[in-house]
Amino acid sequence: MKYASKLLGVASISVLVALGASPAYAAGTQAGTSITNTAQINYSVNNVAQTAGSASNTVLVDRKVIFTVNNVGATTTVTPGQSVAYDTFTVANTSNDTLDFSLSAVNQAIGASAQHGGTDAFGVSGFTYFIDTNGNGTYDSGTDQQITYLDEVAPDTSKTVFVVASVPLTATNTQVSGIVLTAQGQLGGTPGTQGANLVASTGAWTPGTVQTIFADAAGTGGLDAQYDDKYSAKGDYTVYAPVLTLTKQSTIVSDPINGTTNPKSIPGATIEYCIVVQNGSGGAPTTALSVSDPLPTTVTYLSSFGIVLNGTYTGTTCNTDGTTGTVANSSFATATSGNSGTANGTLNNVSAGGATTMRIRATIN
């Protein structure tokens, strides 16, 4: 369809003069731009130049909506129970208009393929969204601003968004939780106010009105389709945690009848307990490792032996080494209901494949 401000009874004119054109963006001239073209005719009558005639045509550029969402970097390493676990995404607006974007994150289905390998084994919870306020690409608590949508994203710009969630305490080492972030384009133009969802224009072209055309591709997260004003992308969290095994062994050291020669567990005998903490291969180092051992009422803690910490463990044997605990790293609490007291010790952190022990002694009542 064409329209003009003045009709001339002449042959078609091929001279076009573009007036008021805007700079070109990746997706073309910005929506709402008026493109005016004027054709002009010059002629003479009996060799006398006559007043020139002209005709103008103005086209209002429509809105072409195209954008992408991408996960940044490798998987996010998390620990069980971590309350602030963030994954990083970018939302890039290559439309020819400023847009707002709604944000929605969901867990992948258990067993689904995760973004960086492995399969989804658990879900995270409590999704919130933060914008990279200082532009350093790393989530900074107290600096990066929490948002519910992206506001006023100009053409040819991108924003970094952190999806923050909580990891369940039941998650175990190497397990993966996959998520999908979906952005939806919305009408921009009013800073600080979330725009309405865009609606694709249908039917014939309407001159003088900015119409909306969806040009987005299908995202990589599987939750959107081509030309639907949405784009989804996968991300994931991978658990890195200690793989701890706790065992408790007992040895009879002596008894009142046999002494230390083949002693038996009779009343008055001395029993040594060895608590072994082992960290499996591939596990994360432990932090703040401590042991509490409530003793049954049928034994009495032997304070003269004390609490021996950070001993070694060979095969299935507790070695008679380690260091006697101090007030700073060990204690024996007085008896409470159901026990004769509790031995407590703070142990050195254990790396993957390592082990450490805590040893105490008691007499059998």
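Would you please state which residues of segment 37-65 a label at Val210 would reach in this model, taking the label point 7 Å out along Cα→Cβ and a backbone N cut-off of under 13 Å? Those under the cut-off are 60-65.
Between Asn258 and Asn339, the FRET efficiency estimated from the beta carbon spacing at R0 = 30 angstrom works out to 0.60. Of interest is the spacing of the C-alpha centroids, which for segment 294-351 and segment 87-128 amounts to 47 Å.
Shape summary of the chain, radius of gyration then Dmax from alpha carbon positions: 36.5, 144 Å. Using Cβ point charges alone (K and R +1, D and E -1), the dipole size of the chain about the Cα centre works out to roughly 220 debye.
Classify segment 105-201: rounded, prolate or oblate, from the alpha-carbon gyration tensor (a ≥ b ≥ c, eigenvalue square roots; a/c under 1.5 rounded; otherwise prolate if a/b is larger than b/c)? The partial results should precede the final answer.
On the way: a/c = 2.50, a/b = 1.67, b/c = 1.49.
Taking the square roots of the gyration eigenvalues as a ≥ b ≥ c, segment 105-201 is prolate.
Farthest towards the positive end of the charge dipole of the chain, among the residues Ala171, Val277, Asn47, is the Cα of Val277, using unit charges on the Cβ of Lys, Arg, Asp and Glu.
Measure off, as a whole percent, the carbon and sulfur share of the 1.4 Å-probe accessible area of the chain, all protein chains present. If you can, show how the numbers build up before the last one.
Numbers: 9840 of 18470 Å².
About 53 percent, which is the carbon plus sulfur part of the accessible surface.
Peptides 293-301, 344-352, 179-187 ordered by packing proxy, namely the average of other Cβ atoms within 10 Å per residue, highest first: 179-187, 344-352, 293-301. Given a Förster radius of 30 Å and the C-beta distance between Ala55 and Ala154 as r, what FRET efficiency does 1/(1 + (r/R0)^6) yield to the nearest 0.05? Rounded to the nearest 0.05, the efficiency is 0.30.
In the context of the full set of protein chains, the chain has a per residue accessible area of 51 Å² (1.4 Å probe). The aspartates and glutamates within cross-link reach of Lys159, meaning a Cα-to-Cα straight distance under 18 Å and a gap of 8 or more places when in the same chain, are Asp87, Asp97, Asp100, Asp132, Asp140, Asp144, Asp151, Asp216, Asp229.
Report the full-extension gain for the segment Ser83 to Asn348: residue separation times 0.36 nm, less the Cα-Cα distance, to one decimal in nm. Provide the component values of the computation, followed by the final result.
Details: separation 265, 0.36 × 265 = 95.40 nm, distance 2.52 nm.
Once the chain is fully extended between Ser83 and Asn348, it gains 92.9 nm.
Within the straight-line cut-off of under 13 Å between alpha carbons, the aspartates and glutamates reachable from Lys264 are Asp255, Glu272, sequence neighbours fewer than 8 places apart in one chain being disregarded.
The values are calculated or read from the model by the stated rules, or taken from the named source; none is laboratory data. If you're wondering where the values come from, they're calculated on a predicted model, not measured in any experiment. Heads up, the Cβs are rebuilt from the backbone with ideal geometry, glycines too, and the neighbour counts pull from every protein chain shown. These area figures cover heavy atoms from the full protein model, side chains too; ligands, DNA and RNA do not enter into them. Shrake-Rupley method; radii C 1.70, N 1.55, O 1.52, S 1.80 Å.
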